[in-house]
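Here's the structure we're looking at; comments come further down.
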Amino acid sequence: MPAETIAYRIPGLEQAARIIVDKWGIPHIRAATRHDVFFAQGFAVARDRLFQLDLWRKRGLGEMAADFGPGFLAQDRAARLLLYRGDMQAEWAAYGVADARGICEAFAAGINAWISLAQSRPDLMAPEFAAMGIRPGRWGAADIVRIRSNALVRNVLSEVARAQVLAHADQETDLARRSIEPPWTPMMPEGLDPAMIPADVLTDFKLATARIDISPERLAATLADAWRWTGVSDQGDVYEEGSNNWAISAGRSETGRPILASDPHRAHALPSLRSIIHLTGPGIDVIGAGEPALPGVSIGHNATAAFSLTIFPMDQEDLYFYETHPDDPELYRYQEGWERMTVRREHIAVKGAEPQEVVLKFTRHGPVLREDAAGHRAFALRSVWFEPGASAYFTSLAYLGVESPEAFAATLRNWSTPSVNQVYADVKGNIAWFAAGAAPVRPNWDGLLPVPGDGRYEWAGFHRFDELPKSVNPPRGFVATANEMNLPSDFAYDRVKLGFEWAERSRTTRIHEVLDGQNRHGLADSMRLQTDDLSVPARRLAPLLARLTADGDAAAALALLRGWDFHLGRNSAAAALHEMWWSRHLKPALLDRIAPDKAIRPLMVPGDVETLLALLETPDARLADRDLLLARTLAAAFGECRARLGTDPAAWAWGNLHHGHFTHPLSRIVPEMRDVGGLAKGGSGSTAMAATYRLPDFRVTYGASFRMVVDVGNWDNSRAINAPGQSGDPRSRHYDDLAPLWAAGEYVPLLYSPAAIDAAAETVLELTPA
């Protein structure tokens, strides 16, 4: 069937441009000027995802209450605390991106051009706006970079949790919450009494960074209720940082060319966090995925090189506490005197009410998150967010045209957030890994606990890019990362303190053992590895169960697990039992034993996998009755599986519990804004196919909705998936067409050549200047 052609005359376009949408919903842009490339990108993304873009902007700028009412006033205030408020000239110059401002102006103009078109053609407007009686906001270039609260940085949540644990227990207990690598004892800052850190000190931080939650109750909130809407559920404030990537050298590849694979893990959403797009114009021909509110792509390839990123967990933020003046709480002690907080008063528009004044306070370090007038204390956040050049992923614009590892590395000197493992491969056969990000220099502490803001604990700039680890064309024949502690054995981590909190090693263990075990690796191997569901924790627990004797339900459980291959397949009965046991029974029982104090027990969730497994393998006095605990929790898990899945264990299946579900922000309000769900899913948060789930109902909340495998040099042979679909419009077939493929571990072509794209075209948008 020939492609449908649609013509639009668009003000702001310099020359004619074309957007070819292939049969999988991927837009391929062809433009005659660089301005028009990014203009057309903004236009195309707005066509597919305008409501997502609008929520992104309004949430980030603190403008939700104008559309959705008083229930969003507190979140709007919190979001404004985390905006970049520095010099914009320094901001645009910090990325190392030629004409960064011009690119953003073109991209914003493209979004606004679609908004204008859709307002004149209501059939083109995303249906959410009419359903809620709201209008999309217009974008400015600065909006794109000033919003910081969508980025991933760390570790202020862990700093506060550690202080709260240490107020009631010891550091050994805290390791069951979060392990530390390399071996290190957290430094206790002078003047810190862990008990002085309030449990609610991060309420504003959590509220500002929480995902959007639109419920009937929140929409019904009155102005009198406004400041009650400050709570964030555990799902909103506890997240796993994950992603996998690797590059295989030509010498180890079946194709004789490098292979690059990428599957970034983030919270599942509808539409997905990332959008696939292809940009072609003067000096640019790049395809890949990026966050839809940003120009360019951050993961993908050009005609010479491919690139991918995962989180490299640098510690990029700190909580500061202050003594405030007893007669004037806006004065805080600094060195030998007192400094005055910067106080801003802003008015926030609120639906159904007069604009509301809010007060925002800042110290020299950053926004004040909490004040304790009675105790004469204040608490503020210092973060790389507030430095010029810290808009998440924006520096990726600098590497879209790179053709060598050296050129790629040069662009990363300006990379700030998020801190990442960058993996690279090119047609000359080069592969490389670089750690990149703004890592604060902390001369006299390690960043693991809150510190006084009186001048004794100050950042001394940032570590130079040359101090960060890297590997180019290693003899091993591949590079691979999975957020693990991957500092080289000779790295001076006591001097260059990048961070001490990393992902559990299960994913990296599995990835490296598979890659090390293959003499030749093909594209199909990369796709299988991205969807590999072998559980390393299950494999480590198996020897303990082999020596266990039991009766009743515990014996039945042992029989079901005996001979199991440790794969968490969606049709596996043993996988269902194991995950029920491990997540809902054994881990909670271990945490009860380690942290019996009710004041800290909630802080331990979900529990550190490495610490808990090590304790089970080598029990100490806290676990003298390990085998009895194993048998008791196994029996309980078997009983719960029977209650949930039926009396016949042979009919149990992990996918009947563990399921993918993508939630539209308005599905509880407008039934037509449908969720996409009921997708039986294998894996877990500990498998290479990351699929972290929430405990009550085993719904997958976090993992890879986007995956990509690149055949470097034979670009049309590359593959990708983006669930549930490329479009955020419930009326589009591309809203959920990729979801079944994603759930089954399948992919679609990531086409690059003009001939292949034209052959797969579904819709062609012909844009001409008005």
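Can you compute the charge dipole magnitude of the stretch 613-770 about its Cα centre, using +1 on each Lys and Arg Cβ and -1 on each Asp and Glu Cβ, nothing else charged? Give it in debye, rounded to the nearest 20.
Around 580 debye, computed over the stretch 613-770.
Where does the stretch 491-572 land on the Kirkwood hydrodynamic radius, alpha-carbon pairs, in angstrom? Walk me through the intermediate numbers first.
On the way: mean 1/r = 0.0627 Å⁻¹.
The answer is 16.0 Å.
Dividing the alpha-carbon radius of gyration of the stretch 184-287 by 2.2 N^0.38 Å (N being the number of residues), what value is obtained?
Values: Rg = 22.9 Å, N = 104, 2.2 N^0.38 = 12.8 Å.
That works out to 1.78 for the stretch 184-287.
Using 1/(1 + (r/R0)^6) with R0 = 30 angstrom and r between the beta carbons of Val605 and Val496, what's the FRET efficiency to the nearest 0.05?
Values: r = 32 Å, r/R0 = 1.06.
Efficiency, rounded to the nearest 0.05: 0.40.
So for the pair Thr5, Glu254, with labels modelled 7 Å out along Cα→Cβ, what separation do we get in nm?
Rounded to a tenth, the inter-label distance reads 4.1 nm.
Could you calculate the contour length gain from Leu124 to Arg340, that is, 0.36 nm times the residue separation minus the distance between their Cα atoms, to one decimal place in nm?
Gain in length upon complete extension: 72.7 nm.
Can you give the FRET efficiency to the nearest 0.05 for Ala643 and Arg539, using r as the Cβ-Cβ distance and R₀ = 30 Å?
My answer for the efficiency is 0.65.
Quick one: which residues, 5+ away or cross-chain, put their amide H under 5 Å from the amide H of Tyr393? H built at 1.01 Å from N.
Amide H neighbours of Tyr393, under 5 Å, 5+ apart: Thr417.
If you line up the Cα atoms of the stretch 132-222 on their principal axes, what length do they span on each, largest first, in Å?
54, 34, 25
If I stretch the segment between Asp627 and Ala524 completely, what's the gain in nm (0.36 nm per residue apart, minus their alpha carbon distance), one decimal?
This chain segment gains 32.9 nm when fully extended.
Return the FRET efficiency for the residue pair Ser215, Ala353: r is the Cβ-Cβ distance, R0 is 22 Å, and the value is rounded to the nearest 0.05.
0.70
Scanning the chain for trypsin sites (Lys or Arg not before Pro) in DSSP loops with at most 11 other Cβ atoms within 10 Å, what's the longest stretch left with none?
1-463
Would you mind counting up the charge near Pro292? Only other residues with Cβ under 12 Å from its Cβ, with Lys and Arg at +1 and Asp and Glu at -1. List each step's numbers first, then the result.
Values: positive: Arg47, Arg49, Arg57, Arg274; negative: Asp48, Asp54, Glu291.
My count for the surroundings of Pro292 gives +1.
Among Leu523, Val21, Pro418, whose Cα lies farthest out toward the positive end of the dipole of the chain, if unit charges sit on the beta carbon of Lys, Arg (+1) and Asp, Glu (-1)?
Result: Val21, furthest along the dipole toward the positive end.
Only bridges with both residues in the chain count here: give the DSSP antiparallel percent, nearest 5.
85
For a label point 7 angstrom out from the Cα of Glu172 toward its Cβ, which stretches of the stretch 610-647 have the backbone nitrogen within less than 11 Å?
Correct set: 620-623.
From the cross-link list Lys497/Lys598; Lys470/Lys497; Lys598/Lys681; Lys470/Lys587; Lys23/Lys428, which pairs have alpha carbons spaced over 25 Å apart? Write out the running numbers ahead of the final one.
Working: Lys497/Lys598 33 Å; Lys470/Lys497 16 Å; Lys598/Lys681 34 Å; Lys470/Lys587 36 Å; Lys23/Lys428 32 Å.
Cα-Cα > 25 Å for Lys497/Lys598; Lys598/Lys681; Lys470/Lys587; Lys23/Lys428; rest within.
How big is the dipole moment of the chain about its Cα centre under a simple scheme where the beta carbon of each Lys and Arg is +1, that of each Asp and Glu is -1, and everything else is neutral? Debye, nearest 20, please.
In total the dipole reaches around 960 debye.
I want the local charge near Arg370. Using Cβ-Cβ distances under 9 Å, sum +1 for each Lys or Arg and -1 for each Asp or Glu among the other residues.
Net local charge, Arg370 excluded: -3.
Which GluC sites (Glu not before Pro) does the stretch 139-234 hold that lie in a coil by DSSP with at most 12 other beta carbons within 10 Å?
Listed in order of number, the matching sites are Glu190.
Using the Karplus curve 6.51 cos²θ - 1.76 cosθ + 1.60 with θ = phi - 60°, work out ³J(HN,Hα) for each residue of the stretch 101-117 in order, rounded to whole Hz, and write x for Gly and Pro.
Result, ordered by residue: 5, x, 4, 5, 5, 5, 4, 5, 5, x, 4, 5, 5, 5, 4, 4, 4 Hz.
Apply the Karplus parameterisation 6.51 cos²θ - 1.76 cosθ + 1.60, with θ equal to phi minus 60°, to every residue of the stretch 621-635 and state each ³J(HN,Hα) to the nearest whole Hz, in sequence, with x for glycine and proline.
Coupling constants for the stretch 621-635: 4, 5, 10, 5, 9, 3, 5, 5, 5, 4, 5, 4, 6, 4, 4 Hz.
Just need the relative contact order of the chain here, percent rounded to a whole number, with Cα pairs under 8 Å and 6+ apart.
Relative contact order for the chain comes out at 20 percent.
Separation between the Gln89 and Arg733 pseudo-spin-labels, each 7 Å from Cα along Cα→Cβ, expressed in nm?
Once both label points are built, they end up 5.4 nm from each other.
Note down, for the stretch 440-539, the three equivalent ellipsoid semi-axes (square root of 5 times each alpha carbon gyration tensor eigenvalue), biggest first, whole angstrom.
36, 17, 10
With θ set to phi - 60°, apply the Karplus curve 6.51 cos²θ - 1.76 cosθ + 1.60 along the stretch 594-601 and write out the HN-Hα couplings as whole Hz, x wherever there is a Gly or Pro.
6, 10, x, 5, 5, 5, 10, 3
Please state the equivalent ellipsoid semi-axes for the chain: what are the square roots of 5 times the Cα gyration tensor eigenvalues, largest first, in whole Å?
38, 35, 27
I want the local charge near Glu403. Using Cβ-Cβ distances under 13 Å, sum +1 for each Lys or Arg and -1 for each Asp or Glu among the other residues.
Summing Lys/Arg as +1 and Asp/Glu as -1 gives -2.
Modelling each spin label as a point 7 Å along the Cα-to-Cβ direction, I'd like the Ala744/Asn473 distance in nm, to one decimal.
Label at Ala744, label at Asn473, 4.2 nm between them.
Run the numbers for Glu190 and Ala131: contour at 0.36 nm per residue of separation, minus the present Cα-Cα distance, in nm.
Details: separation 59, 0.36 × 59 = 21.24 nm, distance 5.53 nm.
Extending this stretch completely gives an extra 15.7 nm.
Bear in mind that the values in this text are calculations on the coordinates, not laboratory data. Keep in mind the model is a prediction, meaning the values are calculated, not measured. Cβ coordinates were reconstructed from backbone atoms using ideal geometry, including for glycine residues, and neighbour counts include every protein chain displayed.
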